[in-house]
Amino acid sequence: MVVVAAVVGAVLVTAPSAPEGGPAYQVPFTAQADYLLEGYPQAVHPDLLTPDDIPGSRRCRDLEGAVVSRGGWFASGTPVRLTLIGLGKRTVVIRSMQVQVVERAKPATGTAFACSRWIDARLSIPLTVDLDGTDPRVRNSAESVNGSPSYFADTVVELAPTESVTFDINPVAKDCACGWMVKLSYTDEGQGREMEIKGESGQLLRTSSVLAAGQEYIETGGVWRRSS
């Protein structure tokens, strides 16, 4: 039997695996997914805007968050950081990771906003997924087998108690504005289980191509400039 649990931001909702009246199954780890803004994030809004049209802080990553909260999308290539932290007294085995695209729309055609890069030194497992595909498969970004992509389904990751593992998922989209979530399969005490992971407040993760954007602004040294 496969038991499904859902992760909403940092909040875990579990489905009982015991018979009716028995104790509910407790997932032995937490999971949190959110866009990684310490790299080179981009956001895109469907309207033609300037940075001055976005209320709040001029700080690049704050402004991009405001763009998304006002109906925009994080752009293709802005990674999602998925962090798993062991809680129980036993080791679980992460068997596979899948991405399910729930919503598809045409890419945003308005304004792209891009930040300058700084380095995030946290050790992570880099992954990539092509959201344009009909069956998006998560692959290891840095590995290949005989010149072919190495898929995460071919990888086994163990999560020990009190330890953590971090994945940086690079969502690539050229033809869509996609709402998506992560589906994680794992084994706990010999039983296969599944977990659905969404973003903040239980919302779908939202990624759009920027290829159709009509204009772009780039922040450098705290100053926003329109790209020529």
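A short reminder: the numbers here are calculations on the coordinates, not readings from a lab. Since the structure is predicted, the reported quantities are computational estimates derived from the model, not experimental observations.
Measuring nothing but how far apart in sequence close Cα pairs (under 8 Å, 6+ apart) lie, relative to its length, the range 148-228 scores a relative contact order of 23 percent. A cut-off of 5 Å between modelled amide H atoms, ignoring neighbours fewer than 5 places along the same chain, links Ser208 with Phe74, Ala75, Ser76, Cys178. Expressed as a whole percent, the proportion of Cα-Cα pairs in the range 151-219 lying more than 15 Å apart is 71%.
When you work out D = kT/(6 pi eta Rh) for the range 30-78 at 20 °C and 1.002 mPa s, using the Kirkwood radius from C-alpha pairs as Rh and the Stokes-Einstein form, the result is 188 µm²/s.
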